[in-house]
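Only the coordinates and a few stated rules stand behind these numbers; no lab work does. Just so it is clear, the model here is predicted, and its values are computed rather than measured. Glycine also receives a Cβ, built like all others from the backbone with ideal geometry; neighbour counts cover every protein chain displayed.
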Amino acid sequence: MTAAQLKEKIIAYSKDIGIDKIGFTSADPFLSLKDRLLEQQRLQYQSGFEENDIEKRTTPKKLVPEAKTIISIALAYPSKMKNPPKSRKGERRGVFCRASWGEDYHRVLKNRLQKLEAYIQELVPEAKCQSMVDTGELADRAVAERAGIGWSGKNCAIITPEFGSYVYLGEMITTVSIPADTPVTEQCGTCNKCVDACPTGALVQGGQLDSNKCIAYLTQTKDFLPKRYRKKLGNRLYGCDTCQQVCPENKGVDSHRHEEFEPDPELVKPKLMPLLELSNKEFKQKYGRLAGSWRGKKPIQRNAVIALGHFKAEESIELLSRLLTNDPRPVIRGTAAWSLGQMNTADTQKLLEQAKQSETDEKVLEEIDDALLPFPLH
């Protein structure tokens, strides 16, 4: 079998197992990416979730010494849900980003890649393969860009001609030699909508992201959220879709190709108050299959507390007061103080004063003092 015939067989099989797009590139080093990552490090723009070793991120042969080819795959996910529940006064809701609407995509893509590995090893028994999704050493976007899946947009997402940027990415390094595809040329042109729309200015310029300012990153942190970002968080519980929603390439794009990615509306647009009453066990049972649950319930609950303050949801005053005085987690107590301060009523001021008498944590006391100011710090 020639390398071209092998490639055709792999492409045909990928369609059979539900891979929406597949591309191939060499296992050569990613030299321009290396320069970019070094610059990211110098500017301290990285989130801390990435692989620290830049050599591993940019040199595939560090991972598989005899590597010849990298196969990139993409699976499309929906941008709209049927019958989304409304967030109403007295019954406020939060929202998970679209990338966390269905079953955790890491599991789904790994399943597809495992099937692809087994098929390649059937055709080429001596083949070695190593797959990864998102949390691996290689940069998914750099691989997808070079493999012709799409171009790297100014919103730092891969934009495909067929599915816009609403795609999950994964890749496989293999020792099999397969002809490479042609990269897709950048097509953002003069459009700057995503950069202009970013709520926190995290898109420093087209294609460069300061992760520490990115709401998608901030929703996953476990500590106190810096005050300057709390109002900008809105009712987001996990992730942020703003830079995708404003992208002209995503206009009218809504792919419902995989049952696993279909959202449960009540799960991904949940009522905020019940979410704050969940135990660890209940949270895992309810949200464990979502990608957005990977950091546990604390960041999600902290974000839910912020959302109640954002809505000035006075129906939540009693619940927030309970969290302020009884929750064992200082981050939740302090954030509850901030939310009560946003409502700034006589009742909330009284509750904050009372909580101050028994609070011992310095950071929480600082949050209470800020919330008690005539005009709470935003």
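Numerical summary
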| quantity | calculated |
| --- | --- |
| Hz values of 3J(HN,Hα) by residue in the range 237-245 - Karplus curve (6.51, -1.76, 1.60), Gly and Pro given as x | 9, 7, x, 8, 10, 3, 5, 7, 5 |
| Spherically averaged projected area of the chain from its Cα convex hull (nm²) | 19.8 nm² |
| Per-residue Cβ neighbour rank within 10 angstrom, fewest leading, ILE300, ILE10, ILE73 | ILE10, ILE300, ILE73 |
| For the range 229-276, the spread of Cα positions along each principal axis, largest first, Å | 34, 28, 12 |
| Fluctuation leader among GLY18, GLY189, GLY207 - the chain, Gaussian network, Cα springs under 10 angstrom | GLY189 |
| For the range 286-295, 3J(HN,Hα) per residue [Karplus equation, 6.51 cos²θ - 1.76 cosθ + 1.60, θ = phi - 60°, Hz, x = Gly/Pro] | 7, 10, x, 7, 8, 4, x, 8, 5, 8 |
| Coarse-grained scattering of the range 132-219 at q = 0.16 Å⁻¹, given as base-10 log I(q)/I(0) from a Debye sum over alpha-carbon atoms | -0.71 |
| Given LYS154/LYS298; LYS154/LYS251; LYS80/LYS271, the pairs whose alpha carbons are separated by over 23 Å | LYS154/LYS298 |
| Amide H within-cut-off set for TRP151, under 5 Å, with H built and near neighbours excluded | ILE159 |
| Antiparallel content of DSSP bridges confined to the range 1-258, in %, to 5 | 90 percent |
| Over the range 286-378: Rg over Rh, Cα atoms, Kirkwood Rh | 1.00 |
| Stretchable slack from TYR119 to SER32, in nm (0.36 nm times residue separation minus alpha-carbon distance) | 28.1 nm |
| Rounded Å value of the spacing that divides the Cα centres of the range 88-129 and the range 178-257 | 20 Å |
| Highest-MSF residue in the chain out of SER100, SER316, SER32 [GNM, Cα springs under 10 Å] | SER32 |
| Sequence of TYR13, TYR217 once ranked by neighbouring C-beta atoms within 10 Å, starting from the fewest | TYR13, TYR217 |
| Alpha carbon convex hull of the range 112-153, projected area averaged over orientations, nm² | 3.7 nm² |
| On Cα atoms only, tilt of 297-311 relative to the major axis of the chain in degrees | 60 degrees |
| Semi-axis lengths, Å, the range 268-310, gyration tensor of Cα atoms, sqrt of 5 times eigenvalues | 17, 11, 9 |
| Any cysteine of the chain lacking a neighbouring Cys Cβ under 4.7 Å - listed by number | CYS97, CYS129, CYS156, CYS188, CYS191, CYS198, CYS214, CYS240, CYS247 |
| Phi to ³J(HN,Hα) by Karplus 6.51 cos²θ - 1.76 cosθ + 1.60 over the range 178-185, Hz, x for Gly, Pro | 10, x, 7, 8, 8, x, 7, 6 |
| Shape category assigned to the range 181-307 from the gyration tensor of Cα positions, a/c cut at 1.5 | oblate |
| Under 12 Å, Cβ to Cβ, from GLY292 - net charge with Lys/Arg +1 and Asp/Glu -1 | +4 |
| Semi-axes of the equivalent ellipsoid for the range 219-378, Cα gyration tensor, largest first, Å | 31, 18, 13 |
| The chain: most fluctuating residue of PRO78, PRO328, PRO161 per GNM, C-alpha cutoff 10 Å | PRO328 |
